[in-house]
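**Student:** Below you'll find the structure I mean.
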Amino acid sequence: IIVNAGNGSGGFFTWDVLDQLGADTFGSLHLNPDGMFPNHIPNPEDKTAMALTRAAVLENTADLGIVFDTDVDRSGVVDNNGNPINGDKLIALMSAVVLKEHPGTTIVTDARTSMELTRFITDRGGHHCLYRVGYRNVIDKGVHLNQDGVETHLMMETSGHGALKENYFLDDGAYMVVKIIIEMVRMRLEGSDEGIGSLIKDLEEPLESIELRMNIISEPKYAKARGREVIEAFRSYIEEGQLKGWELGACGDCWVSEGCLVDSNDSPAAIDAHMYRAKVSNEKNEEIGWVHIRQSIHNPNIAINMQSSVPGGCQLMTKVFRDKFLLASGMGKTLDFSQVD
């Protein structure tokens, strides 16, 4: 097992956990803490971190590679064939493991996950709850669902943050990795040499996927209010039918109303940033993808995520968003949308 701690605090997992259990960790990377992070950003979403881990796994014919972030509350892995597993793939992998132990459980993710991930979860008998972006939002939603009697064992955001009910809802990257290692060992003991990546071999990927960020043109003290105006104008445009084929999305009992896919119980959580996800269909009423727009909590910008299942779908949705919403509504004066061009 290769551990890449990125010179963060995760080196302990190598010598205090894996080595003590008898694992071969030769070839592990960047285990000593160094706040200057001389090799790469300690982040399971970082391409350099994943590339270096992949190379070490292949060079050492390892069974698994592990990438931690700085404080080990996020993780990602690399399978024995060198395939990076993070984002939707990591959620799918953890879903496959958890659904074996808890058939029919609900899995909460943020609303940027793909339609393909939803199919992956439901094909295995699970339920997929899409919720607001923000790992605390996702984890808290799982807590609330359990309190309401909805069995929910896994909550994960695409960033690599995740929590399990059995681990008291802590966002603990090391615990996630332990679950994966246990499943990998179980597979080996059962005579399989396919590796952990085989559990998600039927997970399809979206044909197209992009993220755009638009800075809010405003004095800093007014930026949050201006961002909220844009988000609410987007909602109004869809509800009024001014974006033909665009429909505010919904998932199960969580309906889009105030802020995104929100609580269906009697005491909804406070909204920290406004956001919406819209399903987009063509003239034949065939779904071509989705658009998720959200107000950044910490920075004066608006983030837009898009995924499409048809060639050129993201470009088409971007053009409609720019021409039929930003320019037509006048909201283009509030945003720097040069990246959208």
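The values are calculated or read from the model by the stated rules, or taken from the named source; none is laboratory data. Predicted model only: the values in this text are computed from it and were never measured. Note: ideal-geometry Cβ built from the backbone for every residue, glycine included; neighbour counts use all protein chains shown. These area figures cover heavy atoms from the full protein model, side chains too; ligands, DNA and RNA do not enter into them. Shrake-Rupley method; radii C 1.70, N 1.55, O 1.52, S 1.80 Å.
**Student:** Within the range 165-186, which residues are aliphatic (A, V, I, L, M) and touching a helix residue (DSSP H, G or I) at 6+ places or on another chain (Cβ under 7 Å)?
**Tutor:** Of everything in the range 165-186, those that are aliphatic (A, V, I, L, M) and touching a helix residue (DSSP H, G or I) at 6+ places or on another chain (Cβ under 7 Å) turn out to be ALA174, MET176, ILE180, MET184.
**Student:** Kindly establish whether ARG132 is out of contact with any Lys or Arg (no Cβ under 6 Å at 6 or more places or on another chain), among the charged types (D, E, K, R) and under 26 Å from SER308 (Cβ atoms).
**Tutor:** yes
**Student:** Which of the residues spanning the range 153-173 are surrounded by 18 or more Cβ atoms within 10 Å (Cβ to Cβ) and in a helix (DSSP H, G or I)?
**Tutor:** Selection gives LYS165, GLY173.
**Student:** Looking only at the range 57-101, which residues are of a type in the set (Ser, Thr, Tyr) and assigned to a helix (DSSP H, G or I)?
**Tutor:** The answer is SER95, and nothing else.
**Student:** For the range 130-147: of the residues being open to solvent by 40 Å² or more (accessible area, probe 1.4 Å) and without any contact (Cβ under 8 Å) to a residue 40 or more places away in the chain, which is farthest from ALA92 (Cα to Cα)?
**Tutor:** GLN147
**Student:** Moving on to the next point. Looking only at the range 33-56, decide whether some residue is touching a residue at least 60 places away in the same chain (Cβ under 8 Å), on the phi > 0 side of the Ramachandran plot, not assigned by the TED database to the domain that holds ALA303 and not in a helix (DSSP H, G or I).
**Tutor:** Checking the range 33-56: not a single residue is touching a residue at least 60 places away in the same chain (Cβ under 8 Å), on the phi > 0 side of the Ramachandran plot, not assigned by the TED database to the domain that holds ALA303 and not in a helix (DSSP H, G or I).
This table checks each residue for (1) within 20 Å of ASP171 (Cβ to Cβ); (2) open to solvent by 10 Å² or more (accessible area, probe 1.4 Å); (3) at pLDDT below 95; (4) basic (Lys, Arg).
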{"residue": "THR70", "(1), (2), (3), (4)": "yes, yes, no, no"}
{"residue": "ASP73", "(1), (2), (3), (4)": "yes, yes, no, no"}
{"residue": "ASN83", "(1), (2), (3), (4)": "no, yes, no, no"}
{"residue": "LEU90", "(1), (2), (3), (4)": "yes, no, no, no"}
{"residue": "VAL98", "(1), (2), (3), (4)": "yes, no, no, no"}
{"residue": "ILE107", "(1), (2), (3), (4)": "yes, no, yes, no"}
{"residue": "ARG112", "(1), (2), (3), (4)": "yes, yes, yes, yes"}
{"residue": "LEU117", "(1), (2), (3), (4)": "yes, no, yes, no"}
{"residue": "HIS128", "(1), (2), (3), (4)": "yes, yes, yes, no"}
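**Student:** Is one or more of the residues making up the range 175-198 surrounded by fewer than 21 Cβ atoms within 10 Å (Cβ to Cβ) and either in the same structural domain as GLN295 (by the TED database) or among the aromatic types (Phe, Trp, Tyr) (or both)?
**Tutor:** So far as the range 175-198 goes, yes, one or more of its residues are surrounded by fewer than 21 Cβ atoms within 10 Å (Cβ to Cβ) and either in the same structural domain as GLN295 (by the TED database) or among the aromatic types (Phe, Trp, Tyr) (or both).
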